[in-house]
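Presented below is the structure to which this report refers.
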Amino acid sequence: MKSAQPRSQVACDVLLAVLFFAPPVHAKSQQPEVAGWQPISKEEWALNDDPTNPGASALILYREVTTDDMKSVETHSYRIKILTDEGKKYADVQIPYLEKEYRIEGIRARTVEPDGTAVEFSGEVFDKLVAKAKKVQFQAKTFTLAGVRPGCIIEYSYQTRWHENLSDALKSSGQYMSDAYAILTARWMIPEDLFTRRARFSLRPLLNYRLMWDTMGLPKDTQPHQQGDGSVLLELTNVPAFTEEPFMPPERMVKSRADFFYVIGDADPSIFWRSQGKQTALFFEKFIGPSKNIQRVANETVAAGDSPETKLRKLYARAQQVRFVNSEPAKTEKEEKRENLKDNNDAEDVLKHGYAFANEIDLLFVALARAAGFESAPVLVAARDRAFFRKNLLDRTQLSAMVAWVKVGAKDYYFDPATRFCPYNLLPWNETAAGGIRVEKDSTSFVETPNPRSEDAIIERKASLQLDGEGGLQGKVHVRFTGHEALARRLENRERDEAGRRKALEDEVKGWLPSGSTVTLDSVCKWDDAAEPLDADFTLRIANYGAATHRRLLLPLAVFESASLHTFQNSRRVHPVYFPYPYEELDEVTLLFPADREVEALPAPRSETTLFGSYKASYENPVGSVKFQRQMVMNGMFFEVEDYPKLRVFLDNVRAGDEEPVVLQKSR
């Protein structure tokens, strides 16, 4: 589906994901002149640390973003003070850009020595290929400022000029959208990875168009405001550096920001999204059918006597037989040219060619489901590994993923056969609990896909370990990954060969064990069978396990450490805690010990249930061994900052239970 949006979200995402902080480059011939540098004040020279977080390697003294929609250009300027040797890395600059969307020009840079001597950058600027997708290349302008040392101030300035005139794009959009349409023109992401002393953002809007904006995370008294000349201004001081934390929501959802967009027609969110759905449905319905060949394949796939559940399973399996080109390793231009894959114009083409791009497998599944008599439609959702759907943000590119909806009686089902290895009736985690719109010919409705459940993501470990005379453990462990846990590992390793997959699993299990342990993968079953759990068997050895005294040996039986338990040691939390999905860990460990050892004391059983999850641990003492069983369940996936202290108490209690040892003594 074509879009007239000049400042595509693809480009914005690249800038956010690839750019460490937005810097600039040396001007080349025929590039417009950039305004001269502003004087450096005594206060800027005197600032030698981050007042909000002492020990910083560098500071942003001044940052400016000026968006001029009349000229389709945006100017970025940075003034950065280098404080330590580590901070010298900020002299390595890269500016990502999407060549088909915009170009980088007017690039200028300089270094100012502590004595005030300024050296203009005159080195070479390189073009670097950052990433490549089908028919799209993400590049970056890169260069290095030489001679930068602590105490120096470096400055950058550059312009982003869009190829398509924004006014023309709005006029073009208005021809197709009868009710409402919006074009995102600017996204100001406020915090950087460094403390910012002063920041100034401004936007000069187009005349005769309605400009609106939506902000997130900005104080009520620090909001964009319209000036007398119609421009919009936002000024900030002392912006803390952005803090990254383990298990936090996507950056786009925790960084303060302002989004600006022009609206054509009605600005009511319900009307806007209804209009988007109506326009999208025109394309989808044309692609989906109806078609005699689609009907024939559906009839051949299911039997008249099949239950609705059986029919859907068969249709899902048929859709997953199609080769999904986007999931394959990237090819060179020469390889793509040699293969010469044709575009699919409709679902019938997908069956005929036997391959699909982007969301075409999901659309094929919808077409097959309809042909089999089901009510079905595509659903566009915001993939929550990138962002959460915000109804009031009139930006269609929030909807970055597609799933298929099928109604059976009064029950709604959601599927994504386009995701390789995704089993029937399970969505990839980032498409669960995801908001969006269901796109149908005569209506558009807001939906949210079902929440993931802990029983859909289980790691089960069964180990039989022998204690040797040197205090080491060795033996076998069987690991079973189900649901989201199996899907995640299959997707992470889909481009690796057998040796690569083997190493990945061995490294993961090694990460659960004390340092110095050795792990060997003996076998793995059903790696490519999406409908089955992922089973693997290992041989492991843990040296010098436990704590020994003259007569006693203390051994924690929870030999498999849960990474999340050791993540939340900090008493302070800046961002909400965000797990991809609820999950369960089920462990059964049998410890066999030598004849000269016997159990002196077993830990008491534990059982705790909270709003966050539950934990159970039990111990048995068969002759010559100890059997430990553990169940840890995390029921939720998003916890606000104010809930963090209680969550931390729960996880600390789990860790304390895991660390409680069985005491072995010398036999009398």
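Just so you know, all these numbers are worked out from the coordinates, no wet-lab data involved. All values derive from a computational prediction rather than experimental measurement. Quick reminder, even Gly has a Cβ in these numbers, built from the backbone with ideal geometry, and neighbours come from all protein chains shown.
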Q.
Using Cβ counts within 10 Å as a stand-in for footprinting exposure, how do SER376, SER571 rank, fewest first?
A. SER571, SER376
Q.
Show me the three semi-axes of the equivalent ellipsoid for segment 269-448, from the C-alpha gyration tensor (sqrt of 5 times each eigenvalue), largest first, rounded to whole Å.
A. 24, 22, 16
Q: Please give the per residue volume of the convex hull enclosing the alpha carbon atoms of segment 203-288, rounded to a whole number of Å³.
A: 175 Å³
Q | Straight-distance crosslink candidates among lysines, where the alpha carbon sits under 25 Å from LYS627 and sequence neighbours closer than 8 are dropped | A | LYS462, LYS476, LYS510, LYS616, LYS666
Q) Dipole size in debye (nearest 20) for segment 9-265 around its Cα centre, Lys and Arg Cβ +1, Asp and Glu Cβ -1? A) 480 debye
Q: Place +1 on the Cβ of every Lys and Arg and -1 on the Cβ of every Asp and Glu in segment 9-265, take the dipole about the Cα centre, and give the residue among MET70, ILE60, LEU170 whose Cα lies farthest towards its positive end.
A: LEU170
Q | Mean separation of Cα contacts under 8 Å, 6 or more apart, over the residue count of the chain: relative contact order % | A | 9 percent
Q: Mind jotting down the distance between the C-alpha centroids of segment 71-146 and segment 195-267, whole Å?
A: 23 Å
Q | Gyration tensor (alpha-carbon) shape descriptor, the chain, a/c threshold 1.5 | A | oblate
Q) Over segment 9-265, one equal point on each Cα, no solvent: what is log10 I(q)/I(0) by the Debye formula at q = 0.11 Å⁻¹? A) -0.63
Q. So what's the net charge close to ALA304: Lys and Arg +1, Asp and Glu -1, counting the other residues with Cβ under 13 Å from its Cβ?
A. 0
(Q) For a quick size check, give me the Cα extents of segment 151-280 along its three principal axes, largest first, whole Å. (A) 56, 38, 30
Q: Would you mind classifying segment 195-234 by shape? Square roots of the alpha carbon gyration tensor eigenvalues, ordered a ≥ b ≥ c; an a/c under 1.5 is rounded, otherwise it is prolate if a/b is larger than b/c and oblate if not.
A: prolate
Q | Around GLU659: net Lys/Arg minus Asp/Glu count, Cβ-Cβ under 13 Å | A | -1
Q: Would you mind checking LYS337/LYS407; LYS171/LYS407; LYS220/LYS391; LYS337/LYS441; LYS100/LYS391; LYS42/LYS71 for any pair whose Cα atoms are more than 31 angstrom apart?
A: LYS337/LYS407; LYS171/LYS407; LYS337/LYS441; LYS42/LYS71
Q. Could you give the dipole magnitude of segment 454-666 about its Cα centre, charging the beta-carbon of Lys and Arg +1 and that of Asp and Glu -1, in debye to the nearest 20?
A. 520 debye
Q. Which length gain, in nm to one decimal place, applies between PHE283 and MET216 when the Cα-Cα distance is subtracted from 0.36 nm times their residue separation?
A. 20.9 nm
Q: State the answer as a single residue: which of PHE481, ALA617, MET632 lies farthest towards the positive end of the charge dipole of segment 454-666, with beta carbon charges of +1 for Lys and Arg and -1 for Asp and Glu, about the Cα centre.
A: ALA617
Q: Note down the magnitude of the dipole of segment 607-665 about its Cα centre, charges +1 on Lys and Arg C-beta and -1 on Asp and Glu C-beta and zero elsewhere, to the nearest 20 debye.
A: 220 debye
Q: Excluding GLN223 itself, calculate the net charge of residues whose Cβ lies under 14 Å from the Cβ of GLN223, where each Lys or Arg counts +1 and each Asp or Glu counts -1.
A: -2
Q | Residue among ALA369, LEU602, LEU465 farthest towards the positive dipole end of the chain, charges placed on Cβ | A | ALA369
Q: Any chance you could check the Cα centroid distance between segment 269-303 and segment 553-621 for me, in angstrom?
A: 49 Å
Q: Would you mind pulling out the separation of the Cα centroids of segment 37-59 and segment 348-427, in Å?
A: 50 Å
